[in-house]
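To start, the structure under review is shown below, and the notes come after it.
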Amino acid sequence: SAHLCTDCGLRQVVRRRLKQEWSFGKVFYCCPLHKHDGSGCPFWFWEEDYVVKLRSLGLLKGGSSA
């Protein structure tokens, strides 16, 4: 289930999959307001880091299944 962005609080975090060859299929989570040029919302995490962040905030209960 999606969580509200913990940086801007304006959008629900989205799950994306990279298409670059060097990391093909690697999953990350970001705020839809995040911009590649560094503007907008700074929220951007690799999947494993996002899980750790959610656990630390008490937003994720139980095991590693998302």
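The values are calculated or read from the model by the stated rules, or taken from the named source; none is laboratory data. None of these values were measured; they are calculated from a predicted model. Virtual Cβ from ideal backbone geometry, glycine too; neighbours counted across all protein chains shown. Heavy atoms of the whole protein, side chains included, go into the accessibility calculation; ligands, DNA and RNA do not. Shrake-Rupley method; radii C 1.70, N 1.55, O 1.52, S 1.80 Å.
Does Gly9 satisfy the criteria of being at positive phi and out of contact with any strand residue (DSSP E or B) (no Cβ under 9 Å at 6 or more places or on another chain)?
Working: at positive phi: yes; out of contact with any strand residue (DSSP E or B) (no Cβ under 9 Å at 6 or more places or on another chain): yes.
Considered against the rule, which asks whether it is at positive phi and out of contact with any strand residue (DSSP E or B) (no Cβ under 9 Å at 6 or more places or on another chain), Gly9 comes out as yes.
When you go through (1) in contact with a Phe, Trp or Tyr (Cβ under 9 Å, 6 or more places away or on another chain); (2) open to solvent by 100 Å² or more (accessible area, probe 1.4 Å) one by one for Lys61, which number turns out not to apply?
So Lys61 meets the others, but not (1).
For residues that are among the hydroxyl-bearing types (Ser, Thr, Tyr) and assigned to a loop (DSSP other than H, G, I, E, B), scanning just the range 1-30, find the one that is farthest from Phe43 (Cα to Cα).
Ser1
State the number of residues belonging to the range 31-45 that are free of Cβ contacts under 8 Å to residues at least 12 places away in the same chain and in a strand (DSSP E or B).
2
Got a number for residues in the range 8-27 being modelled with pLDDT of 95 or more and either buried (at least 16 other Cβ atoms within 10 Å of the Cβ) or among the small types (Gly, Ala, Ser) (or both)?
The total comes to 3.
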